[in-house]
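Participant: Handing you this structure, nothing more for now.
The values are calculated or read from the model by the stated rules, or taken from the named source; none is laboratory data. Remember, it's a predicted structure, so these values are computed and weren't measured experimentally. Neighbour counts run over all protein chains shown; Cβ positions are idealised from the backbone, glycine included.
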Amino acid sequence: MVVLMDIPEHPPTAIAMIPVAYVRGGRTEPIDDHWGDVIADIVLDVRFSSDVLRGLAEFSHLDVVYVFDQVHESTITVDARHPRGRTDWPRVGIFAQRAKGRPNRIGVTTGEIVTVHERSVTVRGLDAIDGTPVLDLKPYMTEFAPRTPVRQPAWSSELMQGYWS
């Protein structure tokens, strides 16, 4: 049984974050599909030394946390909608999809590490466009992957059919 608790209302707290890096190269437009072969660099801010990436080349993949900074506020969804505007798919809440028009405009993608340079990482399959601010980088570890079977609705599998190919 789930017990819902009343959470006292308080004003939203702003959280200031400074990007650790920016995406350079790859795509310049946020096209919905065919991201699998896109190669881009994640270039660290000058405040970081090359030591911050030490050991990263030992990993095959990288989780990238970034901001959809070019998403206009007027397109942010705070309720339910049809994914990609497709009325043949169910109307689902923004937290039941991975659309870019999210309340905090935060994206997360696992990309393949191609090379690690002094202060940059070349990644394949990063669905962020040139100039995107990167908030964090984390090596992908299988131990953080789901430990139980994954399930998802059929519409989401249909939506993703051409996303990486």
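Participant: Of all residues in region 138-165, which are free of Cβ contacts under 8 Å to residues at least 12 places away in the same chain, among the hydroxyl-bearing types (Ser, Thr, Tyr) and not in a loop (DSSP other than H, G, I, E, B)?
Facilitator: Matches in region 138-165: THR142, SER157.
Participant: How about region 44-59: which of its residues are part of a loop (DSSP other than H, G, I, E, B) and surrounded by 12 or more Cβ atoms within 10 Å (Cβ to Cβ)?
Facilitator: Taking region 44-59 as the starting set, the residues that turn out to be part of a loop (DSSP other than H, G, I, E, B) are 45-49, 54-55, 59.
Those that are part of a loop (DSSP other than H, G, I, E, B) and surrounded by 12 or more Cβ atoms within 10 Å (Cβ to Cβ): ASP45, PHE48, PHE59.
Participant: Would you check which residues across region 93-108 are part of a strand (DSSP E or B) and surrounded by 17 or more Cβ atoms within 10 Å (Cβ to Cβ) and list them?
Facilitator: Within region 93-108, GLY107 is the sole residue that qualifies.
Participant: Still on this model: Check region 58-80 and report whether any residue there is over 19 Å from the mean Cα position of the chain (by Cα), at pLDDT 95 or above and more than 25 Å from SER156 (Cβ to Cβ).
Facilitator: Checked against the condition, which is being over 19 Å from the mean Cα position of the chain (by Cα), at pLDDT 95 or above and more than 25 Å from SER156 (Cβ to Cβ), region 58-80 yields at least one hit.
Participant: Condition (residue is within 17 Å of LEU159 (Cβ to Cβ) and at pLDDT 95 or above) applied to region 38-46: is it met by at least one residue?
Facilitator: No; the residues of region 38-46 include none that is within 17 Å of LEU159 (Cβ to Cβ) and at pLDDT 95 or above.
Participant: Which of the residues that make up region 8-65 are among the aromatic types (Phe, Trp, Tyr) and closer than 14 Å to GLY111 by Cβ?
Facilitator: TRP35, PHE59
Participant: Report the residue count in region 139-165 for those that are aliphatic (A, V, I, L, M) and closer than 16 Å to GLU112 by Cα.
Facilitator: Residues meeting the conditions: 2.
Participant: For a quick check of your reading of the model, give me the residue pairs whose first member lies in region 89-108 and is of a type in the set (A, V, I, L, M), whose second is part of a helix (DSSP H, G or I), with beta-carbon atoms closer than 7 Å and at least 6 apart or on different chains.
Facilitator: VAL92/PRO83; ALA99/PRO83
Participant: Of PRO83, PRO90, which residue is more than 21 Å from VAL123 (Cα to Cα) and touching a Leu at 6+ places or on another chain (Cβ under 9 Å)?
Facilitator: PRO83
Participant: Anything in region 121-133 that is crowded, with 17+ Cβ neighbours inside 10 Å and either more than 20 Å from GLY36 (Cβ to Cβ) or of a type in the set (Ser, Thr, Tyr) (or both)? List them, or say none.
Facilitator: First pass over region 121-133, keeping only residues crowded, with 17+ Cβ neighbours inside 10 Å: 121-123, 125-129, 132-133.
Result: THR122, THR132, PRO133.
Participant: Return the total of residues in region 111-120 being more than 19 Å from PRO19 (Cβ to Cβ), free of Cβ contacts under 8 Å to residues at least 60 places away in the same chain and surrounded by 13 or more Cβ atoms within 10 Å (Cβ to Cβ).
Facilitator: Residues meeting the conditions: 2.
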